[in-house]
Amino acid sequence: MLNLARLAWRPAACRPSAHGARRSFASAGVPLSRFVGAQTPYTHECSFYYPHVHDLPAAMPVFRLMDDEGVAVAGGVLPDLDEPTCVRMMETMVSVNEFDKVFFDAQRQGRLSFYFTNRGEEACAVGSCAALKLEDWIWPQYRELGAIFWRGYTYEEAANQCCHNELDMTKGRQLPMHIGSPEKYSMYVKSNLGQQVPAANGAAYFQKLLGKERCAITYFGEGCASEGDIPSALNIAAVHGCPTIFFCRNNGYAISTHTDDQYKSDGIAPRGVAFGMPSIRVDGNDIFAVYAATARAREIAVREGKPTMIEAMSYRINSHSTSDDDSKYRRSESPEAGYDSERDYWEARSPIVRFGKHLIAKGWWSAQREDDLRKVLRKRAITALNDAEKIPQPHPKHLYTDVFDTIPWHLELQQATLKDHLTRYRKHYPDVSDEHINSL
């Protein structure tokens, strides 16, 4: 296989032109990735491009360690992970997948107001978080359920948050799937698109000031990368040496938008180099490649004091959210003959399918084991949902808490007005308990 990374690092006088490079890849039979967001050559080397050191190629390669069938690629070095760790990674991805199915259906049944799915992108969150230390802060977007599940967040906790009951740590003030856990070093999901990215620099830089060998990772999509917060965050991190890992999930589609309408550049990873940080593009459906790239990014962060950019190429199986109709903009044609649609093509190459094939070949997994696990997880997810729906809603006083040390007079007036309203029209609010009204 032609090593595009090595080609990129040759002196300028030895490199072909951009157009010549593209023609040579095609003529040499170099396999190209078929991701919606970038169709570029593969490489088996986990090599970050450093600004002012390496020249970027016309098309940044995609780092992978397993092919679509879960077979280790020639020349690649798989992470040294034992059987229990690999099995746990697989189980966590399946856990995300089954939770998604139950709660997506629940929203369609009118039991939830909203839901985001993670299907097809499970390896991005699980593989990256598995490569971090527990004390490394996570600043998620909304498809990182696998990251917090990896750290021990439970179905029950996620169900409580989605149902907005009194056990919801966000006290009913967030949309469903806006999860987080400070105890697990995971900040809550933000609805304001891109807000978590510059904020992650603060967490990362604070750890650096404390002399801790820790970093922060922040996740965002290729659509979110068009937000103004992103270039500002990249520049701040590079200038101040924040140990931040910028993890972009390029799944081909933002809400209502194909990547063709999002950018004309070579994806997102080259922007990291442009702003002055080591960057890499990886196969986001290859959990080994995601793990290896994130482990290396963490090493750069804590040893070299530099931010990094990881662009993980993947595919979004479901719509953007339950409020989105992706039939209006998703391309239907499969990139390869033999599949009914683009979606079918990528479902056959999902992270779970690929990693499952790899583990089965090693004797660490089986189709029956996965089937049994899915049955257990589905039952648990349904039970968690049913139980969460029965738990009372948060106390209405939390409309006014957690902002001011001392509640100002105008909010006190609002609170008194709300209590009076609930008392006058009690029969219209059966879900609000007498205790909650009296103690408001």
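The values are calculated or read from the model by the stated rules, or taken from the named source; none is laboratory data. Just so it is clear, the structure is predicted and the values come from calculations on it, not from any experiment. For neighbour counting, all protein chains shown are included, and Cβ atoms are generated from backbone atoms with ideal geometry for every residue, glycine included. The area values use the complete protein model at the heavy-atom level, side chains included, leaving out ligands, DNA and RNA. Shrake-Rupley method; radii C 1.70, N 1.55, O 1.52, S 1.80 Å.
Some observations on this one:
- Ranking by accessible area, most exposed first, for V239, V36 with a 1.4 Å probe: V239, V36
- Cut-off 16 Å, label 7 Å out along Cα→Cβ of E347, residues of the stretch 108-139 by amide N: 117-122
- Solvent-accessible ranking of D80, D266, D55, D261, largest area first, probe 1.4 Å: D80, D261, D55, D266
- Additional length obtainable on full extension of the chain from D326 to E299, 0.36 nm per residue less Cα span: 5.9 nm
- Under 13 Å, Cβ to Cβ, from Y42 - net charge with Lys/Arg +1 and Asp/Glu -1: -2
- Gyration tensor verdict on the stretch 371-440 (Cα atoms; rounded if a/c is under 1.5, prolate if a/b is larger than b/c, oblate otherwise): oblate
- Rolling a 1.4 Å probe over the heavy atoms of the protein chains gives the stretch 108-188 an accessible area of 32 Å² per residue.
- The accessible area of S232, taken with all protein chains in place and a 1.4 Å probe, comes to roughly 60 Å².
- Portion, in percent, of the accessible area of the chain that falls on carbon or sulfur, probe 1.4 Å: 52 percent
- Per-residue extension of 0.36 nm, minus the Cα-Cα distance of K101 and D340, leaves a gain of 83.8 nm for this segment.
- Listed residue pairs exceeding 25 Å between alpha carbons, taken from K184/K362; K133/K375; K212/K306; K101/K328; K101/K390; K171/K419: K184/K362; K133/K375
- K375/R173 FRET efficiency (R0 51 Å; Cβ-Cβ; nearest 0.05): 0.90
- Other residues with beta-carbon under 11 Å from the beta-carbon of S181 carry, at +1 per Lys or Arg and -1 per Asp or Glu, a net charge of 0.
- Structure-based [θ]222 nm, the chain - -39500 (n - 2.57) summed over DSSP H runs of at least 4, per residue, nearest 500: -12000 deg cm²/dmol
- Per-residue SASA remark: L399, around 120 Å² accessible (1.4 Å probe; ligands, DNA and RNA not included).
- When the Cα gyration tensor is reduced to axis lengths a ≥ b ≥ c, the ratio a/c is 1.5 or higher for the stretch 159-200, and with a/b not above b/c it is classed as oblate.
- Each other residue within a Cβ distance under 13 Å of M169 adds +1 if Lys or Arg and -1 if Asp or Glu, for a net charge of -3.
- Note on E333 and R424: the model spin-label points, each 7 Å out from Cα along the C-beta direction, lie 6.3 nm apart.
- Solvent-accessible surface ranking, highest first, for I407, I310 at 1.4 angstrom: I407, I310
- Estimated at 0.36 nm per residue, the fully extended path between L413 and D387 surpasses their Cα-Cα distance by 5.8 nm.
- For T406 and D55, a Förster radius of 45 Å and the Cβ-Cβ distance give a FRET efficiency of 0.20, rounded to the nearest 0.05.
- Using a probe of 1.4 Å on the protein chains alone, the accessible area found for M60 is around 0 Å².
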